[in-house]
1. Only one of Leu60, Leu85, Leu64, Leu81 is in contact with an Asp or Glu (Cβ under 9 Å, 6 or more places away or on another chain), at pLDDT 85 or above, of a type outside the set (Asp, Glu) and closer than 27 Å to Arg177 by Cα. Can you tell me which?
2. State all residues of segment 215-257 that are small (Gly, Ala, Ser) and either without any contact (Cβ under 8 Å) to a residue 12 or more places away in the chain or on the phi < 0 side of the Ramachandran plot (or both); if no residue qualifies, say none.
3. If you check every pair at least six apart or on different chains, which have Cβ atoms under 6 Å apart with a residue in segment 444-457 that is part of a helix (DSSP H, G or I) first and a residue that is buried (at least 17 other Cβ atoms within 10 Å of the Cβ) second?
4. Please pick out the residue among Ala116, Ala62 that is assigned to a helix (DSSP H, G or I), of a type in the set (Gly, Ala, Ser) and surrounded by fewer than 15 Cβ atoms within 10 Å (Cβ to Cβ).
5. For segment 281-298, indicate whether the set of residues that are of a type in the set (Ser, Thr, Tyr) and under 25 Å from the mean Cα position of the chain (by Cα) is non-empty.
6. Take the conditions surrounded by 13 or more Cβ atoms within 10 Å (Cβ to Cβ) and either closer than 27 Å to Arg177 by Cβ or touching a helix residue (DSSP H, G or I) at 6+ places or on another chain (Cβ under 9 Å) (or both) and apply them to Gln248. Does it pass?
7. Regarding His237, is this residue modelled with pLDDT of 90 or more and touching a Gly at 6+ places or on another chain (Cβ under 8 Å)?
Amino acid sequence: MAVRDYSRRAPLDDAPPRTPVDAAKCGMGEPETHQREKAEALRAAFVQDGPADTLAPGALLAALTEAAFADAGARLSDDELTGALEAARRLQNRAHYLETLAMAELARRRAAQYEADRAAGVPRNLRRAQFPDLELAAELLIGRRHAQHLLDEAAELTARLPRTLAGMADGVIDQARASAIAAATLCLSDADAARVDQALAPVAHEVRADTVVRRAGALAMKLDPEAVRREKEDARHTRQRVEACREQSGNASFSIREADTSLVMSVQAAINELAVRLRNGGAEGSLDSLRAMAALDRLLARDPLDRLAPVPPEPAAAEDDDYPGGCSDAPGNSPATPDASTPSAPHFPALINLIVPAATLLGWGTAPGQAGTWGLTDPQETRGIVQAAARHPRTRWCLTVVNERGEAVAHACAPGRHPWQPDSPDPPPAATGQSALIQQFLTDLGMTPAALARIAQNTCDHQHAEPRYVPSRKLRHLIRARAQTCTGPGCGAQSLHADQDHVIPYPDGPTDECNLHTPCRSHHRAKQSPGWRVEQPEPGVIRWTLPNGRTRTTRPTIYDL
């Protein structure tokens with residue numbers, strides 16, 4: 001993997017000077033009536049090729065743009081409105097330029113600190129500045145991989161792509177285009193990176209961002225095909241992964257990143273063929289939805305064609321519009337509706353915090369469930385997920401009680417395995433009937449009120465303190481119920497897969513709710529490195545001090561139920 005040289009970034013003192021503020025031109029310090037009149041007079045400056053339409057981004061353009069939208073842009077002509085829009089975009093691009101300078105300077109300083117410790121013979125685990133990516137992630141509340149990408153990109157832009165950087169400073173090159181150029185040159189020599197910069201920076205703003213991506217990749221391949229090949233292989237070996245995440249609609253997505261191109265093309269061709277066979281067999285839905293259905297079935301080791309009802313042989317289907325020649329072995333065209341229950345029903349271990357309101361689970365409530373980092377699930381989906389999880393022998397049931405603010409206040413674990421089949425939803429029972437049904441459900445799970453353990457809040461009575469280093473299953477569950485995710489700022493790693501860390505190292509610190517928290521492995525290592533400090537002033541409230549001296553505080557999970 002290529003090592004990014006952050007030390008080549010010049011200090012911020014060498015950055016281009018910002019446009020000085022002209023208070024008189026901006027109307028600052030004048031009575032409100034005069035400011036309004038001046039703003040109305042300045043709106044015409046945004047017409048095509050007008051003074052503001054060609055003004056470089058800076059304090060003056062920002063003031064003029066604010067003034068132009070003083071009345072939400074209602075008085076602007078279409079020409080002026082478009083000019084103001086382009087001005088806002090130039091300001092945004094300039095802001096990204098300034099962010100890039102700041103990130104590059106942070107990376108340069110941390111690299112210098114780390115190198116100084118290395119040269120002084122400091123052991124690796126005691127060197128300063130080991131985690132600049134986590135430091136940036138904590139400030140921006142983003143993932144570690146994203147933060148590292150931003151640092152690499154900033155170093156590349158400031159050290160080797162001066163023309164692209166100047167275009168950002170002038171507001172004509174946006175983040176997407178700058179990122180495309182930087183990504184293509186990371187694997188190239190300085191000379192080749194300069195050629196790409198010289199070729200693309202002057203024209204990047206004149207073409208679509210995806211065109212810049214394509215041209216940058218083609219240039220890099222032409223200049224040094226071997227370097228591009230090595231970068232591709234390195235990405236496949238070090239960054240290949242499966243990603244599953246929640247869509248904004250509430251559904252989910254699944255993808256394989258950094259896979260071999262030929263394999264992906266083969267997979268796509270196979271899925272396309274299955275989708276066409278499903279459609280020709282009468283399955284309902286768009287070709288896209290049938291592709292998704294076939295892909296999921298294949299991943300679950302099921303045959304997508306089992307969704308089709310058996311039909312007598314019929315003449316071959318007509319040629320398909322998307323796939324000339326059609327499918328010679330396609331089933332007949334008798335109508336058949338895909339049925340998710342036709343293949344074997346899915347099942348999986350509930351190795352996530354699957355949060356389900358009791359009323360929703362038992363069929364009369366409408367509150368959404370929450371499936372770990374997957375987000376909220378509607379009542380029908382929630383019951384289906386619980387049913388699927390309950391079929392797996394590794395699934396175990398837990399009960400978490402939350403208060404009116406959504407904070408976990410008590411927790412209990414059901415012993416053993418408990419398969420569950422939902423009853424048909426009945427009309428909502430009366431309050432007394434609801435209590436009885438919930439009590440019966442908990443009894444069936446083997447949980448009694450006495451099994452509930454209170455989760456410490458505000459202060460700790462040390463009721464669950466344990467005289468050992470490794471916490472018990474019960475104490476681990478209390479800590480995880482309190483925080484669903486890593487306690488590091490901005491980190492979304494599930495606490496189920498995180499470490500159980502003592503804020504004050506054991507045995508000086510107790511194995512108790514007031515001293516345990518759940519950092520992911522990366523944040524755990526950062527906490528133990530110079531410049532980082534973690535405190536827990538009250539149970540579940542974790543205060544992180546970063547190497548820059550700033551503090552960030554994380555708090556117990558608020559369940560969105």
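1. The unique qualifying residue is Leu60.
2. Across segment 215-257, the qualifying residues are Ala216, Gly217, Ala218, Ala220, Ala227, Ala235, Ala244, Ser249, Ala252, Ser253, Ser255.
3. Hits for this filter: Ala451/Ala412.
4. Result: Ala116 is the single residue among Ala116, Ala62 that is assigned to a helix (DSSP H, G or I), of a type in the set (Gly, Ala, Ser) and surrounded by fewer than 15 Cβ atoms within 10 Å (Cβ to Cβ).
5. Yes - at least one qualifying residue is present in segment 281-298.
6. The answer is no for Gln248.
7. No: the conditions fail for His237.
Rundown of residues vs (1) out of contact with any strand residue (DSSP E or B) (no Cβ under 9 Å at 6 or more places or on another chain); (2) basic (Lys, Arg); (3) surrounded by fewer than 17 Cβ atoms within 10 Å (Cβ to Cβ), yes/no style:
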site	(1), (2), (3)
Ala269	yes, no, yes
Leu274	yes, no, no
Leu278	yes, no, no
Gly281	yes, no, no
Leu287	yes, no, yes
Ala292	yes, no, yes
Arg298	yes, yes, yes
Ala301	yes, no, yes
Arg307	yes, yes, no
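The values are calculated or read from the model by the stated rules, or taken from the named source; none is laboratory data. On a predicted model such as this, the values are computed, not experimentally measured, just so you know. Backbone-built Cβ (ideal geometry, glycine too); neighbour counts: all protein chains shown.
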